[in-house]
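J.: Take this structure, written in structure tokens, and hold onto it; I'll ask about it next.
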Amino acid sequence: MIGRKFRAVLFDAAETLFTTRGTVGQIYGSIARRYGSTAPVEAIQAAFARQFRGAGPLSIEDQKGWWKDVVHRVFSEVGMVDNFDQFFDEVYERFRSSEGWVLFPDTIEALTDLKRSGLKLGVISNFDNRIYSVMKSLNILHFFDTVTLSSETGYCKPDREIFDAAIQALGVPASEVLLVGDSLRDDVEAGMRAGLHAALLDRDNRHPGVEHVPRISSLTEALSLVS
């Protein structure tokens with residue numbers, strides 16, 4: 001237990017509240033096969049990881065174009081699909097709703113308990129504006145008082161500015177906000193530099209040696225940190 005009074009909890013989104021229905025490679029691959037691709041799922045996944053890491057900040061002016069460039073570079077690497085424009089439109093729409101995403105089993109219970117306790121809830125994410133339709137489709141958008149996105153602020157985690165924007169949107173001092181996220185670097189450590197308290201969500205025990213911040217294995221444990 002952190003042992004202080006909190007007024008708000010700020011969550012990372014993807015891989016904290018929800019995750020993809022299968023790997024990105026599996027989803028891309030299942031659609032790509034209908035467009036003539038024979039690339040192995042593992043190759044698509046590896047290419048996506050490389051191209052996504054090297055893509056730079058998400059464009060505010062042309063979010064769909066930014067993603068189109070990433071996906072085009074993935075399939076330039078593993079073998080181009082037929083009718084790329086139509087293929088990309090289908091891929092892009094798949095990730096707009098619960099067709100491409102699924103909640104973690106503990107998400108609804110955790111959000112319900114935290115909201116009932118009177119806390120403000122916010123999201124901070126390096127996501128594009130499809131997140132609103134994703135969260136609505138997953139039936140969690142109504143839990144949140146604020147949503148702060150890299151695609152709207154022009155800054156992405158771990159930049160200090162996106163955390164400052166999220167704190168300002170909540171209208172709560174940073175010292176009274178708990179941040180919960182699955183990335184030690186981009187969520188926890190960056191949030192702490194912005195003055196937030198933070199907890200690392202470590203569902204798969206990937207960070208057993210982390211001792212300088214609270215480490216939780218389920219979102220439902222967040223309530224004990226703010227009580």
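The values are calculated or read from the model by the stated rules, or taken from the named source; none is laboratory data. Every value quoted in this text rests on a predicted model; they were computed, and no experiment measured them. Cβ coordinates were reconstructed from backbone atoms using ideal geometry, including for glycine residues, and neighbour counts include every protein chain displayed.
J.: Looking at (1) touching a Lys or Arg at 6+ places or on another chain (Cβ under 9 Å); (2) among the charged types (D, E, K, R); (3) closer than 30 Å to Leu219 by Cβ, find the lone condition where Glu109 falls short.
T.: Among (1) touching a Lys or Arg at 6+ places or on another chain (Cβ under 9 Å); (2) among the charged types (D, E, K, R); (3) closer than 30 Å to Leu219 by Cβ, the lone unmet condition for Glu109 is (1).
J.: Quick one: Gly56 ticks every box in (1) at pLDDT 95 or above; (2) farther than 30 Å from Ala8 by Cα bar one, so which box is it?
T.: Only one criterion is unmet by Gly56, namely (1).
J.: Output yes when any residue across segment 172-187 is within 15 Å of the chain's Cα centre (by Cα), in a loop (DSSP other than H, G, I, E, B) and in the same structural domain as Ser151 (by TED's automatic domain parsing), and no when none is. Give the derivation first.
T.: Of the residues in segment 172-187, the ones within 15 Å of the chain's Cα centre (by Cα) are 179-187.
Cutting the leftovers down to in a loop (DSSP other than H, G, I, E, B) gives us 182-183.
Next, from what is left, pick out any that are in the same structural domain as Ser151 (by TED's automatic domain parsing): 182-183.
Within segment 172-187, one or more residues are within 15 Å of the chain's Cα centre (by Cα), in a loop (DSSP other than H, G, I, E, B) and in the same structural domain as Ser151 (by TED's automatic domain parsing).
J.: Another question about this same structure. Is there a residue in segment 81-89 that is charged (D, E, K, R), free of Cβ contacts under 8 Å to residues at least 40 places away in the same chain, in a helix (DSSP H, G or I) and surrounded by 13 or more Cβ atoms within 10 Å (Cβ to Cβ)? Steps first, answer last, please.
T.: First pass over segment 81-89, keeping only residues charged (D, E, K, R): 82, 85, 89.
So of that shortlist, the ones also free of Cβ contacts under 8 Å to residues at least 40 places away in the same chain come out as 85, 89.
If we keep only those that are in a helix (DSSP H, G or I) as well, we get 85, 89.
From the residues that got through so far, the ones that are surrounded by 13 or more Cβ atoms within 10 Å (Cβ to Cβ) too are 89.
Yes, there is a match, as at least one residue in segment 81-89 is charged (D, E, K, R), free of Cβ contacts under 8 Å to residues at least 40 places away in the same chain, in a helix (DSSP H, G or I) and surrounded by 13 or more Cβ atoms within 10 Å (Cβ to Cβ).
J.: Which pairs have Cβ atoms under 7 Å, sit 6 or more apart or on different chains, and link a residue in segment 197-221 that is surrounded by fewer than 17 Cβ atoms within 10 Å (Cβ to Cβ) to one that is outside any loop (DSSP other than H, G, I, E, B) and at pLDDT below 95?
T.: none
J.: So Ile60 clears everything in (1) assigned to a loop (DSSP other than H, G, I, E, B); (2) without any contact (Cβ under 8 Å) to a residue 24 or more places away in the chain except one condition, right? Which one?
T.: Just one mismatch for Ile60, condition (2).
J.: With Ser175, Ser183, Ser227 as the choices, which residue is in contact with a strand residue (DSSP E or B) (Cβ under 9 Å, 6 or more places away or on another chain) and loosely packed, with under 15 Cβ neighbours inside 10 Å?
T.: Ser175
Conditions tested, residue by residue: (1) part of a loop (DSSP other than H, G, I, E, B); (2) in contact with an Asp or Glu (Cβ under 9 Å, 6 or more places away or on another chain).
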residue	(1), (2)
Ile108	no, no
Ile124	no, yes
Asn129	yes, yes
Val147	no, no
Ile162	no, no
Gln168	no, no
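J.: Got a sec? Which of Leu149, Leu114, Leu138 is over 22 Å from Tyr92 (Cβ atoms) and not hydroxyl-bearing (Ser, Thr, Tyr)?
T.: Details: Leu149 fails: over 22 Å from Tyr92 (Cβ atoms); Leu138 fails: over 22 Å from Tyr92 (Cβ atoms).
Just one listed residue meets the conditions, Leu114.
J.: With respect to Ile31, determine if the residue is closer than 13 Å to Phe88 by Cβ and touching a Phe, Trp or Tyr at 6+ places or on another chain (Cβ under 9 Å).
T.: For Ile31, the condition - closer than 13 Å to Phe88 by Cβ and touching a Phe, Trp or Tyr at 6+ places or on another chain (Cβ under 9 Å) - is met.
J.: Check segment 4-20 and report whether any residue there is assigned to a helix (DSSP H, G or I) and modelled with pLDDT of 95 or more.
T.: Within segment 4-20, not a single residue is assigned to a helix (DSSP H, G or I) and modelled with pLDDT of 95 or more.
J.: Hey, another quick one. Report yes if some residue within segment 35-55 is of a type in the set (A, V, I, L, M, F, W, C), in contact (Cβ under 8 Å) with a residue 40 or more places away in the chain and surrounded by fewer than 18 Cβ atoms within 10 Å (Cβ to Cβ); otherwise report no.
T.: No, there is no match, as no residue in segment 35-55 is of a type in the set (A, V, I, L, M, F, W, C), in contact (Cβ under 8 Å) with a residue 40 or more places away in the chain and surrounded by fewer than 18 Cβ atoms within 10 Å (Cβ to Cβ).
J.: Mind checking which residues of segment 27-46 are under 18 Å from Asp82 (Cα atoms) and either among the polar types (S, T, N, Q) or within 20 Å of the chain's Cα centre (by Cα) (or both)?
T.: Selection gives Ile27, Tyr28, Ser30, Ser37, Thr38.
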